[in-house]
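Take a look at the structure set out below.
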């Protein structure tokens, strides 16, 4: 796991709900964009993303929550599928 100085995270002191928004209405989408914008300028963004990827290793898309390292759970899952050694997506039975 990466050695991240979490005390430098720009999300410290922010409302936690901003990073774990549910729903797809305009307010929820605006909150997600705001969280991602904060992440994009955060000095520990890459360490945060590395940490999320390590913690979520082996999980499917539905097992990844919130915005971390400026990516949603769905985006982190897609990234995990492009990394070397990634397991192919399992096909659903018809």
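Within segment 12-54, being closer than 11 Å to residue 70 by Cβ and not in a helix (DSSP H, G or I) holds for 41, 42. A single entry from 80, 62 fulfils the requirement of being modelled with pLDDT under 95 and under 28 Å from residue 7 (Cβ atoms): 80.
Let's see how each residue does on (1) surrounded by fewer than 11 Cβ atoms within 10 Å (Cβ to Cβ); (2) touching a helix residue (DSSP H, G or I) at 6+ places or on another chain (Cβ under 6 Å); (3) at pLDDT 95 or above:
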| residue | (1), (2), (3) |
| --- | --- |
| 17 | no, no, no |
| 23 | yes, no, no |
| 40 | no, no, yes |
| 67 | no, yes, yes |
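Take the residues of segment 1-11 that are at pLDDT 90 or above and assigned to a loop (DSSP other than H, G, I, E, B): which is surrounded by the fewest Cβ atoms within 10 Å (Cβ to Cβ)? So the residue we want is 5.
The values are calculated or read from the model by the stated rules, or taken from the named source; none is laboratory data. As the structure is a prediction and not an experimental result, all values here were calculated from the model. In this analysis, Cβ positions are derived from the backbone assuming ideal geometry, glycine residues included, and neighbour counts consider all displayed protein chains.
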